[in-house]
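Below is one structure, written out as structure tokens; comments come after it.
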Amino acid sequence: MSDIPISYITNQTTGTTTTSTTASNTLDGEDFMALLIAQLKYQDPSDPMDTTAMMEQTSTLSMVEQLTAMASDSAESFGLQQRMAAAQLVGQTVSWIDSTSGETGTGVVSSVSYTSSGSTLTVGTSTVALSSVTSVTSTATSTS
């Protein structure tokens, strides 16, 4: 099999350079297919690519795509679990360490907010990141 010209993969031509706007250290399915097509396009007709190797590459692509989907699903599931755990803290007494001052605080959680950076708890007049909570205790309820 003959070598693939680097200009086909990098979109570079002699004397000019094309710069991609998004840098990435990973190959996705489209990159993999571009490489496979380049291999097929530039293969030596008298010595074609082994069909077994091509099937291995195709099945590897399929596995990588499935693993990527599983990782995405796991991340979504983890985020949902964090939101559920934060919601269960409403009415509970929590202790936390303030990440900026290093001071500790304790109080009853009155509400929970969800942001892109994670769950935040409202404790009295303080807003506390879920990751700053160091302990949780059940708030005593009085019975009449």
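Computed values, structure above
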read-out: Shape of region 88-142, Cα gyration tensor, a/c cut at 1.5; value: oblate
read-out: Where labels lie 7 Å past Cα in the beta-carbon direction, separation of Thr137 and Ser59 in nm; value: 5.9
read-out: Thr104-Ala85 pseudo-label distance in nm [points 7 Å out on the Cα-to-Cβ vector]; value: 2.1
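A short reminder: the numbers here are calculations on the coordinates, not readings from a lab. Bear in mind that the values here come from a model prediction, so they are computed numbers and not experimental data. Glycine gets a Cβ as well: all are built from the backbone with ideal geometry, and neighbour counts include every protein chain shown.
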